[in-house]
1. If we sort 175-186, 135-146 on the protection proxy, mean other Cβ atoms within 10 Å, highest first, what's the order?
2. Sorting 281, 316, 21 on the 10 Å Cβ count, fewest up front, what's the list?
3. Using only the Cα atoms of segment 36-85, build the gyration tensor, take square roots of its eigenvalues as a ≥ b ≥ c, and label the shape rounded, prolate or oblate: rounded if a/c is under 1.5, else prolate if a/b is larger than b/c, else oblate.
4. Determine, for 198, 327, the number of other Cβ atoms within 10 Å of each Cβ, and report the residues in order from fewest to most.
5. Students often get this wrong, so check it: of 79/158; 28/203; 135/203; 135/158, which have C-alpha atoms separated by over 28 Å?
6. Within 10 Å, count the other beta carbons around each residue, average over each peptide in 211-222, 536-547, 50-61, and list them highest first.
7. Sorting 25, 274, 168 on the 10 Å Cβ count, fewest up front, what's the list?
8. With +1 on the Cβ of every Lys and Arg and -1 on the Cβ of every Asp and Glu, and nothing else charged, how large is the dipole of segment 418-494 about its Cα centre, in debye rounded to the nearest 20?
Amino acid sequence: MPIRVLPPQVANKIAAGEVVERPASVVKELIENAIDAGATDIRIEIRQGGRRFIRVGDNGCGIPQAEAALAFARHATSKISSEDDLSRIRTLGFRGEALASIAAVSQVTLVTQAANEDTGTLLRVQAGEVLQDEKHGGTPGTVITVENLFYNTPARLKFLRSEATESSHIIKLASAYAMAYPELRFHLTDDGRLALQTLGTGKLYDVLLKVLGLEVARQMLELEAAVDAAGPSDAPQSPGGAQVSGYIGSPSIHRATRDYEILFVNRRWIQDRSLSFAVEEAYRTLLPVGRYPVAVLSITMDPGDVDVNVHPTKREVRFREPRSVFTAVQKAVRHGVIGQAPVAPISARPQAIVPGEWGPWPTPPTRQHELPGGADRAQMALEIQRTGDVPPIPMQTTPMREQLPMLRVIGQIRQMYIIAEGPDGLYLIDQHAAHERILFEQLQTEKAAMAVSAQNLLEPLSVELLPAQRSQLEAMSEYLAALGFDIAPFGGDTYLVRAIPATLTPGEVTGVIAELLDMAGEGMDPAVTAAEALDIIACHSAVRAGQTLSIQEARELIQQLEKTTSPYTCPHGRPTMIHLSTAQLERSFARK
Ligand code: ADP
Ligand code: MG
C-alpha cells in the first residue's frame with residue numbers, strides 16, 4: 001500500500017482511543033471541565049455502567065454561543081494559548097482533546113449558557129459531526145450528555161467489563177475528585193440510585209466519611225501540617241519542594257489492592273508507581289506482605305516543577321525532582337505512621353546468627369499478575385537503599401525440602417510462633433501463616449468440589465455497603481453463594497448476612513465482605529479473583545498472632561500443615577516457618 005494521510009474520521013477514532021478508554025474516562029474529562037469552569041455543584045448521572053448514558057451537569061461559567069461548536073474541534077481549548085503556557089499549567093484540562101475524542105465515539109448533546117449571555121446553546125454531535133446547533137433557553141452552566149459510547153467502535157466495546165465493574169470505576173473516580181475538591185458539591189446517581197453525595201463543606205474528612213464509610217474514616221489520621229522534602233524541622237522550602245497533606249490509615253485497615261492509595265498532585269488525581277511505593281515503604285513491617293495501606297495524599301508543588309503533559313489521559317505526571325518528591329511523601333507518611341503505630345516493628349534477623357550463614361529461601365510461588373510489579377519493587381528498593389532511608393532487612397533461611405519432617409512441638413512464644421524440634425534442628429512456625437495455608441487449601445478443595453461448608457447464623461448480621469460495593473454485590477451474588485455466603489438486601493445501604501463460610505467467625509464477616517467486593521471491583525481476571533477470594537477468607541479465618549495456643553492445639557495445627565501441598569509458604573508467598581539446622585546452632589555457639 002502506498003503511504004497516505006488517513007482520512008480525518010479514522011485519525012479521530014485513533015486519537016479518541018487514547019483519551020477515552022472506558023466510560024470512566026468520559027466522566028473524568030467532563031468532571032475536569034466542570035471544575036475548570038469554576039463550578040461549585042457537579043451532578044453526574046450514569047446508566048448501565050455509563051455505556052448507555054452519562055450526563056454531567058455543572059453551574060460553571062458555561063460556553064459562549066459563538067464557541068460551542070468549536071469546543072468539539074480537536075486541539076480547541078480556552079485554557080492555554082502558547083507553548084510557554086504548557087510549562088505552568090494550572091487547569092486540569094489544556095490539551096483541547098477531550099470533547100473531540102468523546103464526540104468521535106458516541107452521541108453527544110451539549111446544553112450550555114455562558115454566565116454573561118442571555119440565551120444558551122443546544123448542540124448535538126455524533127461521530128464527530130455537528131448535527132444540530134441552535135439557541136436554547138436555560139440557566140448558566142453546562143450539561144453534557146454522552147450516549148451509546150463506542151457504538152461506532154465495536155472493538156472497544158468488546159473490551160469493556162461488566163456494567164457493575166464500569167460503574168464502580170466511575171464511582172471511584174468521582175469519589176477521588178470529591179476528595180480532591182472537598183469545597184465542591186458532587187452528586188452521582190448510578191441507574192437512578194444515589195451513589196455519592198458530598199456537601200462541599202471544604203473539609204476533606206467530611207468527604208472521607210462519605211467515600212470510605214465511618215468505620216474506615218475513623219481510623220484515618222490527618223497528617224500534621226505539610227512536611228516538605230527537607231523534613232519537618234527545616235523550615236525553608238527547597239526548589240522542587242513538595243508539600244504533602246492528607247490522611248493516612250491505621251495499619252489495621254490494610255487492603256487487598258492499591259485502590260485506596262489515592263494521590264493528588266496539585267489536585268490532579270494521578271497514578272505514580274514510585275509514589276505508591278513511597279507510601280507503602282512508610283508502612284514497611286507494619287502491614288502483612290501483599291497488603292496495601294489506605295492513604296489519601298495531596299501533594300502541592302510549583303506547577304513548573306511537574307510536567308502533566310505526558311499522556312493524553314493526564315493521569316501520569318513527571319517531576320522535575322522525582323527523588324525529592326518521593327522523599328517528601330515517604331517522610332510525611334512515615335512520620336504519621338510512626339505517630340500512631342501500635343507496636344514497634346520487630347527486627348527480622350535472629351540475633352545469634354552470623355550474617356551470611358543462612359542459605360537462600362526457596363523462591364515463593366509468585367502469582368502471574370504480580371510479576372511486573374515485583375521487578376519494579378526490587379528496583380525501587382534499591383533506590384531507597386541509595387537514598388539511605390529505611391534499608392530493607394534481608395530475611396534468609398535454609399532451603400527446605402517439599403515435605404514437612406516430623407516435628408515435636410515444644411511451645412509457643414510471643415503468642416505468635418510455635419517452637420518445634422525436628423530431625424535436624426529447630427523450627428519456628430508462624431501460627432497465623434501456617435493456619436492460613438491450611439484453610440486456603442481446605443477451601444480450595446471444597447470450592448473445587450462445589451461444597452464449601454457454610455454455617456447459618458442464628459442471628460443475621462447486618463452490614464452497610466458503599467455504593468461501589470453494592471453494584472459489585474449484585475454482579476457477584478452467585479459467586480458469593482458458592483463460597484457459602486447468603487447476603488440479601490435489607491433496604492438502603494443495609495444488607496443482611498444469613499450464612500457465611502464455616503471457617504469464618506461472625507466478627508470477621510464485615511471486613512471479609514468489604515474486601516471481597518473491593519477486590520472484585522478491580523475487574524481482575526476471574527481466575528485470579530477466585531484464588532484471592534479464598535485467600536481473603538483464609539486470612540480472616542486463621543488464628544491470629546496474639547492468640548495463645550495449647551500444646552495440643554499447636555500439635556494439631558502442625559499435623560494439618562503436614563497434609564498441605566505447600567507447607568512452607570502461606571497463600572501470600574510469605575514463609576510459614578524458619579528452620580535453624582543443628583549445624584547452624586553449633587556454629588552459632590562456636591561448638592564447631
Ligand atoms: P480542554 O479541557 O483541554 O480545554 P476539552 O475538549 O475538554 O479541552 O474542552 C474544550 C473547551 O470547551 C474547554 O477549553 C472549555 O473552554 C470548553 N468547555 C468544555 N466543558 C466545559 C464546561 N463544563 N464548562 C465551560 N466550558 C467548557
Ligand atoms: Mg477538558
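Each value in this text was obtained by applying a stated rule to the coordinates, not by laboratory testing. Every value quoted in this text rests on a predicted model; they were computed, and no experiment measured them. Because the Cβ atoms are built from the backbone with ideal geometry, glycine has one as well, and the counts that use them run over all protein chains shown.
1. Highest to lowest by the protection proxy: 175-186, 135-146.
2. Result, fewest neighbours first: 316, 21, 281.
3. Numbers: a/c = 2.11, a/b = 1.72, b/c = 1.23.
The shape class here is prolate.
4. The order, fewest Cβ neighbours first, is 327, 198.
5. Among 79/158; 28/203; 135/203; 135/158, the Cα-Cα distance tops 28 Å for 79/158; 135/203; 135/158.
6. Working: 211-222: 16.8, 536-547: 19.5, 50-61: 21.4.
Descending mean neighbour count gives 50-61, 536-547, 211-222.
7. Arranged by neighbour count, lowest to highest, 25, 274, 168 become 274, 25, 168.
8. 160 debye
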